[in-house]
Amino acid sequence: MIIAPATAVAALATLSVGVVPSAALAEPLTFGAALQRAANEAPSLRASASGVAAARSAEIASGRLPDPTLSVGLDNFPVSGPPAFSFTRESMTMARIGVEQAFPNPAKRRAERTRARAGIGVAEAGLAVEAQNIRLETALAWVDLYYARRRLAQLQVLDQSLGDLQATVSARLASGSARPSAALEPDQLRAAVNDRHSELTADVAKAQARLARFTGNPQADVSGDPPILDVDRTQLVAGLASLPGLQALDAGVSAADAETELARADKRPDWRVSTSYGRRDPAYGDMVSVGVSIDLPLFAKRRQDPMIAARASEAERARLLRTAGEREFTAALDGDLADHAMHHQRLMNARNTLVPLAKRRAELDMASYAAGKLDLGSALLSTLALAEAEVDALAREADVARDAIRINFTYGEMRP
């Protein structure tokens, strides 16, 4: 589970003003608001939604009869002999107009409709997968920015304390109780802190850029605290089958089955009805023709059967990929749960042991320095070690938060 931060984030507001110009400062986003904005703004989601709309439109036309065919022509026009090139001297010469309608076999039309519905399922599953990815990446970017700002604020506290220490060193120099080189030691530590400050500032900028990518806000910032999420393996495993990734594989199986049925339908004959009207010289009378033609799939072993076998193999491949996908999700969940447990233990170790020890050591070393029993450089190193321990504890807390979000948003039904 995510451990709720015990400290307030008031210093972050002041810090953020220094990073973003006040004229361009955007309204900070809470965790839930960032997810909602990403759902509304992400171009990839709109693209996937357009794909679903396209599949639904295509389904309307599936399984319909083909358009009729209009034919016009001139039949039995003489080009040699006594009636050559005459429209009236040959009794069989006529101007013809006709219509032909094809009737694909019912099994093929049903298979086309099934394939179209499967295409909708594939498109909808793709939309669900993309929505899940956008939510996950937005949540991680928000958490990364939140903790990057907190680590930067924690380092800022050390930088402020160095100013007080500089005043103490100056007083000792004036009294002659400190060596002249001691005046440089706070500046050396501040330089080291500045290097760390630059690294954390870059972390803030990168996390802000990622959040801006998904929310569409170039000056995206965070507000409030991250959610407190529990990790329940039993519940997560029970819901694996409903995950968008596995539903996409299920949709792929349905689409492959539909292609197989369409290939089988090709073994059944299609047929066509045609009719035509022939206009002749009034002396001979007009003519009407009606005909029916039927396909004869006589060479199925060389044509239809190989295609049926190919589509059936593809359907089997889709089923095997579905089985492999479920195993992959299960293994990935167990791996993520192991990382989460490890990160939680590391966080507890930092909070209960590492930070208290670093704090106690820094206090003892500063007390020894004040009593003249320890040089300033050693005392400052202890102070820097404390700051690093506190920043590292925040980094470990961020790892726990990222794990909980990744697990719940990847394997669970998260709707903050």
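The values are calculated or read from the model by the stated rules, or taken from the named source; none is laboratory data. On a predicted model such as this, the values are computed, not experimentally measured, just so you know. So basically every Cβ, Gly included, is an ideal-geometry build from the backbone, and we count neighbours across all protein chains shown. Side chains are part of the model used for accessible areas, which takes the heavy atoms of the whole protein and leaves out ligands, DNA and RNA. Shrake-Rupley method; radii C 1.70, N 1.55, O 1.52, S 1.80 Å.
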Item to complete: Starting from the Cα of Arg317, move 7 Å in the Cα-to-Cβ direction to define the label point; list residues of segment 230-265 whose amide nitrogen is under 12 Å from there.
Response: 256
Worksheet item: For segment 270-336, which chymotrypsin sites (Phe, Trp or Tyr not before Pro) are both in a DSSP coil and crowded by at most 14 other Cβ atoms within 10 Å?
Response: Tyr284, Phe299
Practice prompt. From zero up to wherever the largest Cα-Cα distance of segment 247-370 sits, split into 5 Å bins and tell me the percent of pairs in each.
Written response: 2, 8, 8, 7, 7, 6, 6, 6, 6, 5, 5, 5, 4, 4, 3, 3, 3, 2, 2, 2, 1, 1, 1, 1, 0, 0, 0
Worksheet, complete the sentence: segment 35-119 accessible area per residue, 1.4 Å probe, protein heavy atoms, integer Å², reads 60 Å²
Worksheet item: Given a 1.4 Å probe and every protein chain left where it sits, what share in percent of the accessible area of segment 235-310 is carbon and sulfur?
Response: 58 percent
Discussion item. Once each part is reduced to its C-alpha centroid, what is the distance from segment 298-329 to segment 219-261 in angstrom?
Written reply: 25 Å
Worksheet entry | Centre separation in Å (Cα based) which lies between segment 338-361 and segment 50-77 | 69 Å
Practice prompt. Read phi for every residue in segment 234-246 and hand back ³J(HN,Hα) as whole Hz from Karplus 6.51 cos²θ - 1.76 cosθ + 1.60, θ = phi - 60°, with x for Gly and Pro.
Written response: 4, 5, 5, 5, 5, x, 4, 5, 8, 5, x, x, 6
Worksheet entry | Per residue accessible area in Å² of segment 276-390, where ligands, DNA and RNA are left out and the probe is 1.4 Å | 64 Å²
Discussion item. Give the residue list of trypsin sites (Lys or Arg not before Pro) in segment 270-346 that are DSSP loop and have at most 10 other beta-carbon atoms within 10 angstrom.
Written reply: Lys301, Arg302
Worksheet, complete the sentence: Answer in debye to the nearest 20: the dipole magnitude of segment 194-330 about its Cα centre, from +1 Lys/Arg and -1 Asp/Glu charges placed on Cβ, is 780 debye
Worksheet entry | For segment 58-154, fraction of C-alpha pairs farther apart than 19 Å, in % | 73 percent
Discussion item. Relative to 2.2 N^0.38 Å, what does the C-alpha radius of gyration of segment 322-396 come to as a ratio? Two decimals please.
Written reply: 1.79
Worksheet item: What is the dipole size for segment 320-416, taken about its Cα centre, with +1 at each Lys and Arg Cβ and -1 at each Asp and Glu Cβ, in debye to the nearest 20?
Response: 180 debye
Response to the item:
In this structure, the FRET efficiency calculated for Ala241 and Gln132 from their beta-carbon separation, with R0 = 22 Å, to the nearest 0.05, is 0.90
Fill in: Rg and Dmax [Cα atoms of segment 219-280; Å; Rg one decimal, Dmax integer]
27.7, 89
Worksheet item: Mind listing the Cα extents of segment 66-121 along all three principal axes, in Å, largest one first?
Response: 67, 17, 15
Item to complete: Check the straight Cα-Cα distances from Lys108 and name the lysines below 20 Å, setting aside those fewer than 8 residues away within the same chain.
Response: Lys267, Lys301
Discussion item. Just to verify a number: FRET efficiency for Asp75 and Leu296, C-beta to C-beta distance, R0 = 30 Å, to 0.05?
Written reply: 0.70
Fill in: Rg/Rh ratio calculated on Cα atoms of segment 30-70 (Kirkwood radius)
1.39
Worksheet item: Once phi is turned into θ = phi - 60°, what whole-Hz ³J(HN,Hα) does the Karplus curve with 6.51, -1.76 and 1.60 give for every residue of segment 143-152, x standing for Gly and Pro?
Response: 5, 4, 5, 4, 6, 5, 5, 5, 5, 5
